[in-house]
Amino acid sequence: MELLKQRILNDGRVKEGNILKVETFLNHQMDIALLDEIGAEFARRFSGAPITKILTIEASGIGIAAIASRYFGSVPVIFAKKTKSKNLDGELLVTKVHSFTKGVTYDVQISKHLLTEDDTVLIIDDFLAKGQALLGLIDLVEQAGAKLAGCGIVIEKTFQEGGGLIRNKGIRVESLAMISSIENGEVHFDGE
Ligand code: 5GP
């Protein structure tokens, strides 16, 4: 997605450890016009898939998924929670996610009744790096017995192993910007 690539080149900042900061337009301050284009692009790529729910993870995925939902007939958006709050009562589906950026493993959960075997799910997230967050969300879909249409990712770092891990399971992954390397503070995209 050309618009997104240009925005990454113009406003993204490279940090130590191959981390790309995009907090001015994607995951802290959000550019709603850009999120709108992102939602439309996910809808183009997954057109024809009978999606009934979008699943994401708090916090960065929520805004992206909510706007994308408008392009999928306003299907419900579920965001997996990283903490077990009092509002989360009843039976839960729980999985473990290891965060390499934060160096911790935490439980991620949704209420069991929100996803059923009648659902076809699109998973949406902001980044795909080592794939741990996505694998956790995929596990929740599998535990629910729901069908998985695929994963829509805004930025995939293809030099890390996550994309390969998930595609090798036969799961469709559509990433709107695919970064092949971050070297000397410069971002390069696949195919360049
Ligand atoms: P993964 O589980 O695929 O390694 O990445 C999980 C999460 O780490 C992503 O959802 C994202 O929140 C964060 N993350 C990974 N790489 C980056 C990055 O380069 N920049 C930012 N801002 N977040 C990242």
* Only one of (1) surrounded by fewer than 12 Cβ atoms within 10 Å (Cβ to Cβ); (2) in contact (Cβ under 8 Å) with a residue 12 or more places away in the chain fails for Lys86. Which number is that? -> (2)
* Assess whether Asp190 counts as being charged (D, E, K, R), touching a residue at least 60 places away in the same chain (Cβ under 8 Å) and closer than 23 Å to Asn27 by Cβ. => no
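Answer with yes or no whether Lys130 is at pLDDT 95 or above, farther than 17 Å from Val77 by Cα and within 10 Å of the ligand (Cβ to nearest atom).
Yes: the conditions hold for Lys130.
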* Structure fact -> Residue hits (segment 68-83; over 13 Å from the mean Cα position of the chain (by Cα) and away from the ligand (no atom under 15 Å from the Cβ)) are Ser69, Arg70, Tyr71, Phe72, Gly73, Ser74, Val75, Pro76, Thr83
* Would you tally the residues in segment 1-18 being surrounded by 13 or more Cβ atoms within 10 Å (Cβ to Cβ) and farther than 17 Å from Phe189 by Cβ? => 0
* Answer yes if at least one residue in segment 32-41 is surrounded by 15 or more Cβ atoms within 10 Å (Cβ to Cβ), closer than 23 Å to Glu117 by Cβ, within 16 Å of the ligand (Cβ to nearest atom) and among the β-branched types (Val, Ile, Thr), and no otherwise. => no
* To do: Could you check Thr101 against (1) within 11 Å of the ligand (Cβ to nearest atom); (2) modelled with pLDDT under 95; (3) part of a strand (DSSP E or B) and say which number it fails?
  => (3)
* Go through segment 65-87 residue by residue and tally those that are among the hydroxyl-bearing types (Ser, Thr, Tyr) and touching a Gly at 6+ places or on another chain (Cβ under 6 Å). => 1
* Count, please, the residues in segment 106-121 that happen to be within 16 Å of the ligand (Cβ to nearest atom) and either at pLDDT 95 or above or not in a strand (DSSP E or B) (or both). => 2
* Is there any pair with a first residue in segment 150-169 that is aromatic (Phe, Trp, Tyr) and a second that is crowded, with 22+ Cβ neighbours inside 10 Å whose Cβ atoms are under 9 Å apart and which are 6 or more apart or on different chains, and what are they? -> Phe159/Ile179
* Restrict the check to segment 65-79 and report whether at least one residue is surrounded by fewer than 19 Cβ atoms within 10 Å (Cβ to Cβ), more than 24 Å from Phe189 (Cβ to Cβ) and modelled with pLDDT under 95. => no
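Considering only residues that are within 14 Å of the ligand (Cβ to nearest atom) and modelled with pLDDT of 95 or more, which ones fall in segment 8-26?
Ile8, Asp11, Gly12, Arg13, Val14, Leu20, Lys21, Val22, Glu23, Thr24, Phe25, Leu26
The values are calculated or read from the model by the stated rules, or taken from the named source; none is laboratory data. Nothing here was measured: the structure is a model prediction, and the numbers come from that model. Don't worry about glycine lacking a Cβ; one is built from the backbone with ideal geometry, like all the others, and counts go over all protein chains shown.
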